[in-house]
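Novice: Please find one structure pasted underneath; my questions will follow.
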Amino acid sequence: MRILTGLQPSGKLHVGNYFGAMEPAVKLQEEGDAFYFIANYHAMTSVRNPDELREYTRELAVDFLACGLDTKKAVFFRQSDVPEVNELAWILSSVCPVSLLEKCHSYKDKVAKGISPNHGLFAYPVLMAADILLYDSNLVPVGKDQKQHLEVTRDLAGKINEAYGEGTLVMPEPIIRENSAVVPGLDGQKMSKSYNNTLPLFGVEKPSKKLVMKIPTDSTPVEDPKPTEDSLILPLFRLFADDAAYAQLVADHEKGGIGYGDFKKRLAEAYWDYFAPMRARREELMADPGFVDQVLAGGAEKAREAANVVLDRVRKAVGLA
Ligand code: TYM
């Protein structure tokens, strides 16, 4: 069983990336043949500075390794080290209706925000489908915001199989965990780099904790019970705390007599402590850049090998070979 996921190196990773994709990916590497990659072609749709793209790519590699990606179990590589993905993207483009891409929320949202709609942004889901289908992936752990892209991927795989024969491409399934499908940001919208509402995965202690202390709350007086619905503190705390600590925080909301400042302090501590082991591992990795280079070079070789098996099959099926 092949498991695959990718993350864009388009800025600092945040808690949403971790719980939506990285943590499930780290767990799943125990259960199959994992392929995890850094989607640097995709990041080109938003990062224009080459030094920045290189830096974010390297940082993402270090961060994912620090979070438990095990190079003995998973193949870890840069998307651009397997340029064959562009060939499959072209083949998929040839069966992809324009209307399918016009419906994609992430494209529509970006255009609505005033981002100029270049072709890369429009064709983004086709390249993502190629990422997945190029490795015969069965399972794709992602956050809910990628669900529609997975539907496009399945749609395109179906069209290829229909046109060129069943079994030309493997049909993948998304894995979207219910409890962290959409990690909320500090303003209650989905946590996202583009909304400026993120809690960094590896930030600097004081400013990161300060972000938590600034979470907006209502004006319930200290002595009164605090509402638990629509709370921004509770769903975030849930991610970092065990059942007992979470139950205690809910009980303290309901009891009254404790202010939001206290709850936020508990959240800030839980968040900071949760990532302590990963931070320590990250320090070690940063001191050993040769190791990261070696991992990515080895990953590129293995990924390319696997990609060529699939691409040869597809080339034959469509009449290119
Ligand atoms: P990206 O880089 O935006 O996000 C990486 C992963 O983090 C998840 N995520 C979240 N999950 C829960 N709550 C949130 N607030 C949250 N924010 C982000 C995303 O769902 C994603 O799983 N298109 C992809 C990258 C990609 C890819 C692929 C993924 C390219 N090719 C092939 C899987 C397979 C993206 O932009 O992810």
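Derivation of every value follows stated rules applied to the coordinates shown; laboratory data play no part. In this text, all values refer to a predicted model and were calculated from it rather than measured experimentally. Cβ placement follows ideal geometry from the backbone for every residue including glycine, while neighbour counts extend to all protein chains displayed.
Novice: Name the residue from 32, 66, 82 whose Cα lies farthest towards the positive end of the charge dipole of region 12-99, charges +1 on Cβ of Lys and Arg and -1 on Cβ of Asp and Glu.
Specialist: In region 12-99, that residue is 66.
Novice: Something else: Tell me what the chain gives for mean residue ellipticity at 222 nm when only DSSP H runs of n ≥ 4 count, each as -39,500 (n - 2.57), the sum divided by the residue total, rounded to 500 deg cm²/dmol.
Specialist: The per-residue figure over the chain is -16500 deg cm²/dmol.
Novice: Can you tally the net charge around residue 214? Count Lys and Arg as +1, Asp and Glu as -1, for every other residue whose Cβ sits under 13 Å from the Cβ of residue 214.
Specialist: +4
Novice: Antiparallel DSSP bridges in the chain: what percent, to the nearest 5?
Specialist: Values: 2 of 17 bridges.
Of those bridges, close to 10 percent are antiparallel.
Novice: Just the number, please: Stokes-Einstein D of the chain in µm²/s, Kirkwood Rh from C-alpha pairs, 10 °C, 1.306 mPa s.
Specialist: The diffusion coefficient I find is 75 µm²/s.
Novice: Just how large is the dipole of the chain about the Cα centre, in debye to the nearest 20, putting +1 at every Lys and Arg Cβ and -1 at every Asp and Glu Cβ?
Specialist: Taking the Cα centre of the chain as origin, the dipole is about 600 debye.
Novice: Under a 5 Å amide H to amide H cut-off, with H placed in plane at 1.01 Å, what residues pair with residue 34 once short-range neighbours are removed?
Specialist: Distant-sequence amide H within range of residue 34: 3, 75.
Novice: Rounded to whole Å, give me the distance from the Cα center of region 286-321 to that of region 178-252.
Specialist: Result: 39 Å between the Cα centres.
Novice: Continuing with this model, one more query. Please report the net charge: other residues with Cβ closer than 10 Å to the Cβ of residue 180, K and R +1, D and E -1. Mind dumping the intermediate values first?
Specialist: Details: positive: 144, 177, 238; negative: 23, 178.
Net local charge, residue 180 excluded: +1.
Novice: Sort 87, 173, 178 so the one with the fewest other Cβ atoms within 10 Å of its own Cβ comes first.
Specialist: 178, 173, 87
Novice: Report, in debye and to the nearest 20, how large the dipole of region 57-164 comes out about its Cα centre when Lys and Arg carry +1 and Asp and Glu carry -1 on their Cβ.
Specialist: Around 300 debye, computed over region 57-164.
Novice: Residue by residue through region 173-186, what is 3J(HN,Hα) from phi via Karplus (6.51 cos²θ - 1.76 cosθ + 1.60, θ = phi - 60°)? Round to whole Hz and write x for glycine and proline.
Specialist: 10, x, 10, 10, 6, 5, 6, 9, 4, 9, 6, x, x, 6
Novice: Along the charge dipole of the chain, which of 200, 140, 107 sits closest to the positive end, that is, farthest toward it, with unit charges on the beta carbon of Lys, Arg, Asp and Glu (+1, +1, -1, -1)?
Specialist: Checking the options against the dipole of the chain, the answer is 107.
Novice: Still on this structure, I have one more. Taking Cα centroids, how far is region 137-151 from region 50-128 in Å?
Specialist: 13
Novice: Applying 1/(1 + (r/R0)^6) with R0 = 25 Å to the Cβ-Cβ distance of residue 258 and residue 181, what FRET efficiency is obtained, to the nearest 0.05?
Specialist: Values: r = 30 Å, r/R0 = 1.20.
FRET efficiency, residue 258 to residue 181: 0.25.
Novice: Also, quick follow-up: Can you list the HN-Hα couplings for region 69-77, worked out from phi with the Karplus curve (6.51, -1.76, 1.60; θ = phi - 60°), rounded to whole Hz and with x for Gly and Pro?
Specialist: For region 69-77, the Karplus curve yields 4, 9, 6, 7, 9, 10, 8, 10, 8 Hz.
Novice: Please rank 304, 266, fewest neighbouring Cβ atoms within 10 Å first, as an exposure proxy.
Specialist: By the 10 Å Cβ count, ascending, the order reads 304, 266.
Novice: Nearest 20 debye, what's the magnitude of the dipole of region 148-232 about its Cα centre given +1 on Lys and Arg Cβ and -1 on Asp and Glu Cβ?
Specialist: Details: 10 positive and 13 negative charges, 113 e Å.
The calculated dipole for region 148-232 is roughly 540 debye.
Novice: Within region 138-273, how many Lys pairs that are eight or more residues apart, or on different chains, come under 15 Å at the alpha-carbon?
Specialist: Lysine pairs satisfying the spacing and distance rule in region 138-273 number 13.
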